[in-house]
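Structure first, then comments.
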Amino acid sequence: MRESFSNHEIVIDGLSLSIEDVVDVSRRRATVSLSNEARRRMERCRAVVDRLVESGTKVYGLTTGFGSKRDVFIDPQEARELQRNLIMSHACGVGAPLDEDQARATMLLRANTLARGVSGVRVEVVDLLLLMLNKGVYPYIPCKGSLGASGDLAPLSHLALVLMGHPAGKLYSKRCESINSRGYRTVEDPHVDLFISSTADVLRGQFGIEPIELMAKEGLALNNGTQMMTAIGSLTLYDSELLVRTAEVTCAAAVEALKGVTDAFSERLHDVRPFDGQRASAANLRTLLEGSDILALPLNMAWFTRARRLVEQALLYAVDSGSSNFDAIRRELQEIVEMMLAIHGDPVDAMRRGADQIPTSVRADLMPRQVQLRAFQIALAPILKRAQAVYREMLSVEHEEQLARSRESIAQVLDALEKAVPKSPRVQDDYSLRCMPQVAGAVRQVLAHVRVNLTTELNSATDNPLIFPPILPDSVDIETYRSLLTVPQCVDAVSSGGNFHGEMVAFLMDYLAVGIAEIGNISERRVAHLTDGHLNNGLPSLLIWRSGLNNGFMIPQYTAASLVSENKVLTHPASVDSIPSCENTEDHVSMGAIAARKARSILINVEHVVAIELLTCFQALCFREPFRPGPAIRAVMQHLRDAGVTPVEVDRPLYPDMDRVVRLLRRGEIVVAAENTVGPLTR
């Protein structure tokens, strides 16, 4: 499990925050402080705001109304009321509160963008945000209500209410603390009823926090920006990167379970289509599949085990017909079972004994794989010969119709034994196995693109207007700086624009959503292959004996199919939509918050799909025993057993195992189990 807490302190400066920093603060509760350089920049920027307000200059958001009221002049004496009204009127979000990690990430990103020093707020505002983070206090921020321009106005206004100590703001009232499904220590599910009013008395008395009175520009700087959508997006990206690596582990398990063909992952094949993501994915699959008995040896143990069970079934069905040959048939069937059990107990020894019977002159002309194939054919030949003889005997006995069911079973035995050691190897697998590097690799590059651009957004100033204070030497103290400012300089320092517009984040989240949905699509197809008795290379139908009486893994595949079908609806891009607002002055918006929430929903669905695939592989690999998968997949399967997952022998509810596996997946334990055996996978 990941560490619940981090001893690492994050120093924010508005310029260098990383995705990992966001995760450390939002989930591992790393402490945060503000750099001295950021303090200096913020103080100078605030000095410009103060000078403008004192002069009575008309500046958007400082001495004017907002949106369509941009030309309405506001008396500087009403500047504080203007900011307070902005926050109170804009706190109109609806829906469930953000999860703790999303709320904390939003607070961190708001502090970091203000730390860049062009928003005009006092240092005290950022200090208060960081104090709340470090004390583990977080506000009720409803997840819905943002158009994505001017940023996440409604949700961020709920955050600002708390900073003001307004009774309409809400703080989480911590009732208990537990490990969440992603392995991080967190409070219980933040239901809206578990939040309490953030009055000044509550802030001071229960949390030791002094609320602030918003001054000129500060309300606008707090609610005007892309921080909620970017916070959700950053956490979703981080989890998606882990999910892709987990999906590669799970695909490797499926290749093992289906006794697939590994040529599709060869280095030379991917070197001639050298996309970084594709090559990384193929390299991981090669590492994960190395050392596999199942893939290295030509005997298909699933077909062989099926043949043995069919002989046992024939023995059970062999009803005494009064024929003098009846006892001989039963004895012959029993001896065939014993011969097959002997090979099942030590198939490698059977292969060695078969290889010893290959003449040296013949062996010299064979490749190692051909020697193994010939050896197993020799080892199984006596069983096949005796089964054929029994089948003929059953046709010749008197009242042979009484042996019809046994004879039908033996006919299937003959077919299964032929498939257990095929005369020629499979050439290639279906796309969901063979094309995994191309699909997962493409998704890796989607995520790489998203990471680069989200990191830029983490460290961007996204409110309006922005203020670029005159540059003076660092040696000039703040009081001297204030005294040197002129009104024309300050007016010139103000730039009104649209950095609050979330189009970039909306595009990134829509792109991420499509990419991660494809991981679910290809995973579900492998689940379908694993459960399909016509496609799964010898595994029993629905991965359970006596399917029909038992339903086995029929419905987990239905669930996976349902989730990927839901994702096909969710992947419709939010960013192609827009709707005018604020009396048509804000006439194009991004829907970035909707895109981020949709991407998050898709991620959660795909986590369940990949967990279903891994659980399905766990069941399927039982039918390949005693051959073992490679060390990496063997370690993963053992980790599932240690977590309480057991094979399904007769029908039982499967959702508890599905829940166990998805928790392991989210905590990164699947990847860690593999990496502890074979070393780090390519990230």
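Here are a few things to note about the model shown:
- Top-ranked residue of region 78-133 - restricted to ones that are basic (Lys, Arg) and surrounded by fewer than 24 Cβ atoms within 10 Å (Cβ to Cβ), ranked as nearest to GLU9 (Cα to Cα): ARG116
- Members of region 28-42 found to be surrounded by fewer than 18 Cβ atoms within 10 Å (Cβ to Cβ) and either in a helix (DSSP H, G or I) or touching a helix residue (DSSP H, G or I) at 6+ places or on another chain (Cβ under 7 Å) (or both), listed by number: THR31, SER33, ASN36, GLU37, ARG39, ARG40
- 1 or more residues of a type in the set (Asp, Glu) and at negative phi: qualifying strands (runs of 3 or more DSSP E) within region 159-208: 177-179
- Near pairs, Cβ below 8 angstrom, 6+ apart or cross-chain, from region 174-187 (under 14 Å from ARG29 (Cα atoms)) to any residue that is among the polar types (S, T, N, Q) and at pLDDT below 80: ILE179/SER4; GLY183/SER4; TYR184/SER4; ARG185/SER4
- Any hit, region 552-560, residues being assigned to a helix (DSSP H, G or I) and out of contact with any helix residue (DSSP H, G or I) (no Cβ under 9 Å at 6 or more places or on another chain): yes
- All conditions but one from (1) surrounded by 12 or more Cβ atoms within 10 Å (Cβ to Cβ); (2) under 21 Å from VAL589 (Cα atoms) apply to GLY497; the one that does not is (1).
- Residue that is nearest to ASN521 (Cα to Cα), among those in region 409-437 that are within 38 Å of the chain's Cα centre (by Cα) and among the hydroxyl-bearing types (Ser, Thr, Tyr): SER432
- Selection from region 650-678 of residues that are closer than 24 Å to ARG286 by Cα, among the acidic types (Asp, Glu) and in contact with a helix residue (DSSP H, G or I) (Cβ under 7 Å, 6 or more places away or on another chain): GLU669
- Members of region 344-397 found to be within 43 Å of the chain's Cα centre (by Cα) and not hydrophobic (A, V, I, L, M, F, W, C), listed by number: HIS344, GLY345, ASP346, PRO347, ASP349, PRO368, ARG369, GLN370, GLN372
- Screening ALA596 with (1) among the hydrophobic types (A, V, I, L, M, F, W, C); (2) outside any loop (DSSP other than H, G, I, E, B); (3) surrounded by fewer than 24 Cβ atoms within 10 Å (Cβ to Cβ) gives one miss only, at (3).
- Qualifying residue in region 520-530 (condition: surrounded by fewer than 23 Cβ atoms within 10 Å (Cβ to Cβ) and closer than 30 Å to GLY67 by Cβ): no
- Figure legend. Inter-residue proximity from region 216-230: first residues touching a residue at least 12 places away in the same chain (Cβ under 8 Å), second residues assigned to a helix (DSSP H, G or I) and of a type in the set (Ser, Thr, Tyr), beta-carbon distance below 8 Å, spacing 6+ or different chains. Indicated pairs: LEU222/SER157; ASN223/SER157; GLY225/THR113; GLN227/THR106; GLN227/THR113; MET228/THR106.
Here's the yes/no breakdown for (1) of a type in the set (D, E, K, R); (2) under 28 Å from the mean Cα position of the chain (by Cα); (3) farther than 25 Å from LEU147 by Cβ:
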| residue | (1), (2), (3) |
| --- | --- |
| HIS572 | no, yes, no |
| PRO580 | no, no, no |
| SER601 | no, yes, no |
| GLN619 | no, yes, yes |
| PRO629 | no, yes, yes |
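- Search result, residues across region 346-397 that are more than 18 Å from LEU417 (Cα to Cα) and not in a helix (DSSP H, G or I): GLN357, ILE358, PRO359, ALA364, ASP365, LEU366, MET367, VAL397
- Given (1) touching a Phe, Trp or Tyr at 6+ places or on another chain (Cβ under 7 Å); (2) over 30 Å from HIS534 (Cβ atoms); (3) of a type in the set (Gly, Ala, Ser), number of the condition ALA420 does not satisfy: (2)
- Pairing each residue of region 540-553 that is farther than 19 Å from ALA257 by Cα and surrounded by fewer than 18 Cβ atoms within 10 Å (Cβ to Cβ) with any residue that is among the hydroxyl-bearing types (Ser, Thr, Tyr) and modelled with pLDDT of 95 or more, provided the two are 6+ apart or on different chains, yields C-beta distances under 9 Å for GLY548/SER541.
- Helices (runs of 4 or more DSSP H) enclosed by region 226-304 - at least 2 residues per element that are crowded, with 19+ Cβ neighbours inside 10 Å and of a type in the set (Val, Ile, Thr): 227-257
- Sole exception among (1) buried (at least 24 other Cβ atoms within 10 Å of the Cβ); (2) in the same structural domain as LEU171 (by TED's automatic domain parsing) for PRO211, by number: (1)
- In region 328-340, the residues that are touching a residue at least 12 places away in the same chain (Cβ under 8 Å) form Cβ pairs under 9 Å with partners that are of a type in the set (S, T, N, Q), at six or more places apart or across chains, as follows: ILE329/SER323; ILE329/SER406; LEU333/SER406; MET340/THR305.
- In summary, ARG426 fulfils each of the numbered conditions (1) assigned by TED's automatic domain parsing to the domain that holds GLN388; (2) outside any helix (DSSP H, G or I); (3) basic (Lys, Arg) with the single exception of condition (1).
- Taking region 489-540 as the range and being in a helix (DSSP H, G or I) and closer than 30 Å to VAL48 by Cβ as the test, the residues that pass are GLN489, CYS490, VAL491, ASP492, ALA493, GLU503, MET504, VAL505.
- Scan region 168-214 for residues that are modelled with pLDDT of 90 or more and polar (S, T, N, Q) and the total you get is 4.
- So VAL413, is it surrounded by fewer than 18 Cβ atoms within 10 Å (Cβ to Cβ), touching a residue at least 40 places away in the same chain (Cβ under 8 Å), closer than 30 Å to GLU613 by Cα and outside the structural domain of ARG525 (by TED's automatic domain parsing): no
- All positions within region 328-347 that are loosely packed, with under 15 Cβ neighbours inside 10 Å and not charged (D, E, K, R): ALA328, GLN334, LEU341, ALA342, GLY345
- Those residues of region 9-53 which are over 19 Å from SER119 (Cβ atoms) and in contact with a Lys or Arg (Cβ under 8 Å, 6 or more places away or on another chain), in sequence order: ILE19, VAL25, SER26, ARG27, ARG28, ARG29
- Lone unmet requirement of (1) surrounded by fewer than 21 Cβ atoms within 10 Å (Cβ to Cβ); (2) assigned to a loop (DSSP other than H, G, I, E, B) for LEU316: (2)
- Of the helices (runs of 4 or more DSSP H) lying entirely inside region 602-683, the ones with 3 or more residues being of a type in the set (Val, Ile, Thr) are found at 669-678.
- Single match in THR486, THR480, THR456 (criterion: outside the structural domain of GLY65 (by TED's automatic domain parsing), modelled with pLDDT of 95 or more and loosely packed, with under 15 Cβ neighbours inside 10 Å): THR456
The values are calculated or read from the model by the stated rules, or taken from the named source; none is laboratory data. Predicted model only: the values in this text are computed from it and were never measured. All Cβ positions, even for glycine, are placed from backbone atoms using ideal geometry, and neighbour counts span all protein chains on display.
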